[in-house]
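In what follows, a structure is listed as structure tokens, so that the remarks can point back to it.
Every number here is computed from the coordinates shown, using simple stated rules; none is lab data. Everything numeric in this text was worked out from a predicted model, so none of it was measured. Here the Cβ is made from the backbone with ideal geometry for all residues, glycine too, and neighbour counts use every protein chain on show.
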């Protein structure tokens, strides 16, 4: 969790940009990201140099050649001449990071960075910003993630900006639920800053030998991790650049981040390519019917993005591929033909594994919409016998706009129950987790809202007989009258 001190540093940095005329939140994040990326590259290089010094060996695969040492953060941050600093960063360091990895001509990062523009033209502003960023610790991956998360929290515009931001602890929960393996091919078709892909990478890095023998050091696994595992689509150039940098900072050499409008007919064609999808697609949007990919409208006739994305996920998954995706509650119980149809497709044609109902405050202060996580497996042959439901009432943060840490947190319980779920044992619908048979869901018009199936126990409250209550009221009235008489005597 980002500390108050860190927040103050980021807020001060943000204000510095605004006071100097760079006021678009996305532009501020982009410029900060470039500088953080340059700093992180130098931090990694310093680590390599220390290791080489200890082992008395040359630096292995140096990022900076002898002719590029001036591009390093540790060099230009100490310059007292701000004009010289601006010249080096603008004309040397920034072009250097734009072409990083250019040996692979098809590098997604290089493609997305072609249109990147360094907007800081004021030497005093750059010197000020470099000094502030230098005080932000970047050694710890979690801190870096929290820093990105807090910067993204500045994007409070509903819809266009807010749609790509998912709380990191919810992302981690979904990755833990799906437990990706070292040979997965993972995709987020609305990747934004690539939070789901980063979390999946971190999960795999943390696997130990005892965890089902899923070890990245096994032959071929590291190559797959760096070259083929991570795929993301987005149509926003800024998000593509930030997402690519984010993944590279987390040690993924060549993530496949593509400029692609996932629902568009212009970008149709990718089918059965991935084994795992993790996503939080845009909610409450509608598209022009003529622009929607025809193979999606064959599955479901609608213009609503939250329904079309489910059809897209099914198209993108290989047979046996799995998905954990966030959808608004309306998808679970909407009464339109399209809503019912997509739920029927999930239940009847594939295997709907679970529905996790989340509290409405999860996305505050950006949106108060109630959401759920849908977990399903593509089979093209059915397979849904029972659906697992979980009623998540708390996520470890207050459900108001402040989102402060609280003791109540259902996520550890949710993860534990998911691991040991058993439709033959977990049938009690008064608790947080239970199974519902497919036949009952079908009979209810494929309604997937948890309130349709959860049973609430009401405690019987016993009251005293009315005559006893009336007598108590009279006794109380007599006491009041006696007190008033005593007060009147005291007043003379």
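Counting DSSP beta bridges in region 158-452, what percent are antiparallel, to the nearest 5?
Taking every DSSP beta bridge within region 158-452, about 55 percent pair in antiparallel fashion.
Just report the Cα centroid separation between region 301-331 and region 174-209, whole Å.
Cα centroid of region 301-331 versus Cα centroid of region 174-209: 18 Å apart.
When the helices in the chain are scored as -39500 (n - 2.57) per DSSP H run of 4 or longer and the sum is shared across all residues, what 222 nm value do you end up with, to the nearest 500 deg cm²/dmol?
Estimated from H runs of four or more residues: -12500 deg cm²/dmol.
Compute the convex hull volume of the Cα atoms of region 228-345, divide it by the residue count, and report the result per residue in Å³ as a whole number.
So the per-residue hull volume is 114 Å³.
When the C-alpha atoms of region 337-477 are aligned to their principal axes, what extent does each axis show, in angstrom, from largest down?
Answer, in whole Å and largest first: 74, 38, 35 Å.
How far, in nm, would the chain grow between residue 264 and residue 298 when pulled straight, counting 0.36 nm per residue and subtracting the alpha carbon separation?
Length gained, residue 264 through residue 298: 10.9 nm.
What angle do you read, to the nearest 10 degrees and between 0 and 90, between the alpha-carbon axis of helix 123-133 and the longest principal axis of the chain?
60 degrees
P(r) tail for region 4-133, what percent of Cα pairs lie past 26 Å?
Tail of the P(r) past 26 Å holds 27 percent of the pairs.
Just how many % of Cα pairs in region 246-303 lie over 12 Å apart, if you round to the nearest whole percent?
76 percent
Just want the ordering: 38, 469, from fewest to most Cβ atoms lying within 10 Å of their own Cβ.
In order of increasing Cβ crowding within 10 Å: 469, 38.
For the residue pair residue 474 and residue 217, what label-to-label distance in nm results when each label sits 7 Å from Cα along the Cα-to-beta-carbon direction?
Each label point is offset 7 Å from its Cα along the Cβ direction, giving 8.7 nm.
If I stretch the segment between residue 461 and residue 121 completely, what's the gain in nm (0.36 nm per residue apart, minus their alpha carbon distance), one decimal?
115.2 nm
Would you mind getting me the FRET efficiency between residue 318 and residue 430? Use the beta-carbon distance for r and R0 = 41 Å, nearest 0.05.
Efficiency for this residue pair is about 0.60.
Ratio of alpha-carbon Rg to the 2.2 N^0.38 Å globular estimate for region 158-452, to two decimals, please.
0.96
Cα convex hull of the chain: how many Å³ per residue?
256 Å³
Using a 10 Å cut-off around each Cβ, can you sort 477, 265, 407 from fewest to most neighbouring Cβ atoms?
407, 477, 265
For residue 15, project a label point 7 Å along Cα to C-beta. Then give me every residue of region 108-132 with its amide nitrogen under 17 Å of that point.
Taking a point 7 Å out along Cα→Cβ of residue 15, the residues of region 108-132 whose backbone N falls under 17 Å are 125, 128-132.
Mark the label point 7 Å from the Cα of residue 203 along Cα→Cβ and return the residues of region 218-255 whose backbone N is within less than 16 Å of it.
Counting only backbone N, you get 225, 229-232.
When the chain is fully extended, how far beyond the present Cα-Cα distance does residue 416 get from residue 81, taking 0.36 nm per residue of separation?
114.9 nm is the gain from fully extending residue 416 to residue 81.
Provide the FRET efficiency to the nearest 0.05 for the residue 454-residue 111 pair, computing r from the beta carbons and using R0 = 60 Å.
Computed FRET efficiency for residue 454 and residue 111: 0.80.
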